[in-house]
Amino acid sequence: MSLSAIECPDGVCHSHHGGHAVPRTAMQKNLQGHGREWCERLAERIYEMSVDTYAQTVMPSLHSSGWQRRHLDWEFKLAKQESEPDEALVEGIINATESFLRSSEVHKLFIQELVQGTFAEASEDTLRASAVRKIINNEVMAMIQERKEDLLNRLAKELLTDAKGDFEVARTAAGEGLEEVERLLVNHKEAV
């Protein structure tokens, strides 16, 4: 699983990135005893505490222009050019990062993935993950490759109105969309 609170190599569970060696059977029994709802509530509370701490301690530093110049100058050369658009962009990215972390959708997805991954790691159910990887590789990706030209043409026709009648623009957008779907599938395959 890509996101889990624990890692259980060789039947011994550790908190993510080490510590607390617990037999897998004990971890599995403990998680089943508490249940998913309890685990979700715990993860939600820790997530909320983490975001609040980030907002209270890190955000003030991020908004300090001296900090921005000091930490971003070496890579992006922000201090050499007093550029209001660059500063606005930096501020916007910082604010978007906080909004992202505070987003209820991100919060829900994080909790769902964390709890699902933790329970899966404790149960050592690799058969389902193997099935997902094989379906993506052997079926879905193969189908996309076999039907790619037809799929791109159909999508381009559907996008013609939005592309103001320019088929090439529509087809390029369809190709970019299909590439994004392929990346999502590959990422999901690697995450299970």
>> Less than 14 Å apart at the alpha-carbon level, and either on another chain or at least 8 residues along: which aspartates and glutamates does that give for Lys29?
In response: Glu121, Glu124
> region 93-110 to region 140-192: how many Å between their Cα centroids?
Replying inline: 28 Å
> How do Arg70, Arg45 rank by accessible surface area computed with a 1.4 Å probe, from largest to smallest?
Replying inline: Arg70, Arg45
> By how many nm would the segment from Tyr54 to Ala21 grow when fully extended, if each residue of separation counts as 0.36 nm and the alpha-carbon distance is taken off?
Replying inline: 9.0 nm
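Give the accessible surface of the chain per residue, rounded to a whole number of Å², with probe radius 1.4 Å and ligands, DNA and RNA excluded.
Details: 13090 Å² over 192 residues.
Here the per-residue accessible area is 68 Å².
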>> Counting only protein heavy atoms and a 1.4 Å probe, tell me what percentage of the chain's accessible area is made up of carbon and sulfur.
In response: 56 percent
> Straight-line reach from Lys157: which aspartates and glutamates have a Cα under 17 Å away, not including same-chain ones fewer than 8 places off?
Replying inline: Glu149, Asp166, Glu168, Glu176
> Taking H as built 1.01 Å from N, whose amide H comes closer than 5 Å to the amide H of Cys13, not counting residues under 5 places away?
Replying inline: Val22, Arg24
>> With an 8 Å Cα cut-off and a minimum separation of 6 or more residues, compute the relative contact order for the chain in percent.
In response: 27 percent
>> Could you check the spin-label model distance between Ala96 and Arg41? Points 7 Å from the Cα along Cα→Cβ, value in nm.
In response: 3.7 nm
> Given that just one value was derived from the coordinates, which of (i) 126; (ii) 154; (iii) 195 is volume of the Cα convex hull per residue in Å³?
Replying inline: (iii)
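Let me check I've understood the local charge: for Glu168, count other residues with C-beta under 13 angstrom from its C-beta, Lys and Arg +1, Asp and Glu -1. What total comes out?
+1
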>> Please list, in order along region 174-185, the HN-Hα scalar couplings obtained from phi with the Karplus expression 6.51 cos²θ - 1.76 cosθ + 1.60 (θ = phi - 60°), rounded to whole Hz, x for Gly and Pro.
In response: 4, x, 5, x, 5, 4, 5, 4, 4, 4, 4, 5
> Once you list every other residue whose beta carbon is under 12 Å from the beta carbon of Ile111, what net charge do they have if Lys and Arg are +1 and Asp and Glu are -1?
Replying inline: -2
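The values are calculated or read from the model by the stated rules, or taken from the named source; none is laboratory data. Quick caveat: nothing in here was measured; it's all calculated off a predicted structure. Virtual Cβ from ideal backbone geometry, glycine too; neighbours counted across all protein chains shown. The protein model used for the area step is the full one, side chains on, heavy atoms only, and it has no ligands, DNA or RNA in it. Shrake-Rupley method; radii C 1.70, N 1.55, O 1.52, S 1.80 Å.
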